[in-house]
Amino acid sequence: MEFISIFDVLGPNMVGPSSSHTAGACSIALMARKMLGEPAARAEFVLYGSFARTYKGHGTDRALLAGVMGCSTDDVRIPRAYELAKEQNLTWRFSCNETETEVHPNTVDIDLTGITGKTVSMRGESVGGGKIRIARINGIDVDFSGECNTLIVVHKDRIGMAAHITSCLSQAEINIAFMRLFRESKGDKAYSIVEFDGKLPEHTKEKILLEQDVEHVMLIQIREG
Amino acid sequence: MDFKNAAELLSICETNRIPVSEAMKNRERLLTEVTDQELTSRMNRVLEIMKQAVNEPLENPRPSMGGLIGGEARLVNRRRKEGNSLCGSLVSGAIAYAMAVLEVNSSMGLIVAAPTAGSSGVVPGVLLSLKDAHGFSDEELLPPLYNASAIGYLAMRNATVAGAVGGCQAEVGVASAMAASAAVELMGGSPRQCLESASTALMNLLGLVCDPVGGLVEYPCQNRNAIGAANALTAAELALSGVRQLIPFDEMLGAMYNAGRRLPPEYRETALGGCAAAPSACAAAGKCHLHS
């Protein structure tokens with residue numbers, strides 16, 4: 001069972017009013033920003049279920065926008081997210097999808113375009129108490145919480161890729177907490193998602209990228225140190 | 001040592017002659033790589049946010065996003081400061097502070113979910129009013145906060161703290177149990193008394209529905225936080241007086257969880273029943289619920 005920390009009970013430290021609709025939304029958007037790896041120039045949000053119906057009264061829109069700009073759940077700038085976005089030349093669009101109901105009640109799709117043109121598309125779910133689940137990246141179904149430091153490696157689905165990644169990590173003395181592989185179809189594009197303890201050195205990321213069948217590496221460092 | 005229910009927690013406390021707070025800290029140290037220094041610094045931050053949230057609306061109240069609340073904490077605190085409080089300064093302080101935190105929360109201010117945002121006023125309300133009354137230092141408030149987190153952890157692990165799953169009894173009910181137990185430890189009670197007070201606090205709010213008007217975390221949430229705080233002090237008073245609680249906390253948690261899961265959906269945060277369906281509340285909110 002999942003570990004419940006003291007600060008899961010007395011926490012998150014957050015801007016109100018709702019841990020699922022405000023704090024969770026902010027955390028999902030912050031994950032998208034970290035995956036993008038650069039400031040966003042354009043953000044599009046599609047809200048589903050309860051998010052779509054109640055987002056205004058819960059500040060979900062402002063929390064999402066603030067998260068995309070790098071704010072954490074306890075950042076007091078969240079209420080001013082619209083002004084902040086204008087200052088940073090970030091353009092945005094919110095829309096609601098109330099026809100698709102086969103999704104978690106608090107679901108959002110986020111499409112980001114970065115200042116150099118990089119893009120990332122992500123689906124996140126706010127699963128209660130501020131906790132989140134990332135359910136889709138660039139159209140591929142995945143499943144991780146983002147509670148640990150996370151490495152996302154996009155690569156060709158072929159023999160030896162997992163060994164390559166774990167070997168790079170073990171050389172950096174990184175302890176793997178959780179690892180899963182998701183793929184479109186056999187031999188096609190795959191996503192290896194590794195949650196780990198400690199801090200990943202920058203050169204390890206480069207080393208993973210040296211393998212020609214690795215397309216892209218995204219590093220989401222939650223805790224420094 | 002890890003513990004998965006209140007019986008194990010109590011046994012750890014009694015065997016090692018340690019308070020609930022110490023058992024919870026030991027568990028965190030055992031299962032994570034956190035240092036004492038990190039623990040203290042994170043808990044100090046929690047306390048700092050709580051103090052700010054309790055005080056801000058007493059000076060500068062702000063209207064909530066939905067416009068249903070704002071300024072109530074100042075009214076209660078003003079009467080208290082004038083020496084007219086019906087309940088006495090400790091209880092009226094706990095009430096006013098708990099309500100203040102909900103005002104901060106509903107106007108997109110900074111709070112600590114304890115265990116949720118909708119019930120975030122109860123624990124700081126009780127502890128900070130006790131601090132006023134007895135002159136406790138910030139440092140002396142840290143053990144009760146660890147104590148409260150132990151109770152909340154048991155509820156998260158073995159039941160629920162989500163209004164959408166178990167109604168308000170799971171949010172304010174659990175927050176009240178956390179605050180009661182914390183108050184008992186702060187006032188020198190034993191671990192057994194802590195768990196008895198938690199059980200009593202939860203018992204007294206058993207069956208409480210979650211019926212937010214307009215689907216917003218405002219009304220009746222703010223009033224419910226006030227009653228959660230007063231209820232916690234009542235439960236703590238009983239336990240400290242030596243009044244025995246018949247039902248252990250584990251069983252009370254089970255009773256709460258069972259009652260919660262049997263609540264019709266109208267009473268689980270859908271804004272379709274209870275206060276949320278009352279005509280006057282609907283009129284104030286502008287519309288009956290957000291599911292139109």
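Setting aside same-chain residues fewer than 8 positions from A:Lys156, which lysines have a Cα under 23 Å from its Cα?
Of all the lysines, those that pass the test against A:Lys156 - Cα under 23 Å, at least 8 places apart if same chain - are A:Lys34, A:Lys118, A:Lys186, A:Lys189, A:Lys205, A:Lys207.
Tell me the label-point distance for the pair A:Glu173, B:Ser280, using the 7 Å Cα-to-Cβ offset, in nm and rounded to one decimal.
6.8 nm
I'd like the distance between the alpha-carbon centres of region A:150-170 and region A:11-45, rounded to an integer number of Å.
So the two Cα centres are separated by 28 Å.
Would you mind counting up the charge near B:Ala164? Only other residues with Cβ under 15 Å from its Cβ, with Lys and Arg at +1 and Asp and Glu at -1.
Computed value for this residue: 0.
So how far apart, in nm, are the two label points at B:Arg29 and A:Ala162 if each is 7 Å from Cα heading toward Cβ?
3.8 nm
In region A:135-170, whose amide N lies under 20 Å from the spot 7 Å out along Cα-to-Cβ of A:Lys186? List them in ranges.
A:141, A:155-163
Please tell me the relative contact order of chain A in percent, rounded to the nearest whole number, where contacts are Cα pairs under 8 Å and at least six residues apart.
20 percent.
Could you work out the helix-only [θ] at 222 nm for chain B, with each DSSP H run of four or more residues adding -39,500 (n - 2.57) and the total divided by the number of residues, to the nearest 500 deg cm²/dmol?
-20000 deg cm²/dmol
Going by average Cβ density within 10 Å per residue, which order do the peptides B:11-17, A:37-43 take, highest to lowest?
A:37-43, B:11-17
Compute the helix-to-body angle for A:24-36: its Cα long axis versus the longest principal axis of chain A, expressed 0 to 90° and rounded to tens.
40 degrees
Are there any trypsin sites (Lys or Arg not before Pro) in region A:180-222 that are in a DSSP loop and have at most 11 other Cβ atoms within 10 Å? List them by number.
A:Lys186
Loop only by DSSP, 11 or fewer other Cβ within 10 Å of the Cβ. Give me the GluC sites (Glu not before Pro) in region B:28-116 that pass, ordered by residue number.
Sites meeting the loop and neighbour criteria: B:Glu33, B:Glu82.
What range in chain A is the longest one free of GluC sites (Glu not before Pro) that are in a loop by DSSP and have at most 10 other Cβ atoms within 10 angstrom?
In short, A:3-97.
We did not get these values from a lab; they are worked out from the coordinates using the rules stated. What you see is a predicted model, and the numbers here were worked out from it, not measured in a lab. All Cβ positions, even for glycine, are placed from backbone atoms using ideal geometry, and neighbour counts span all protein chains on display.
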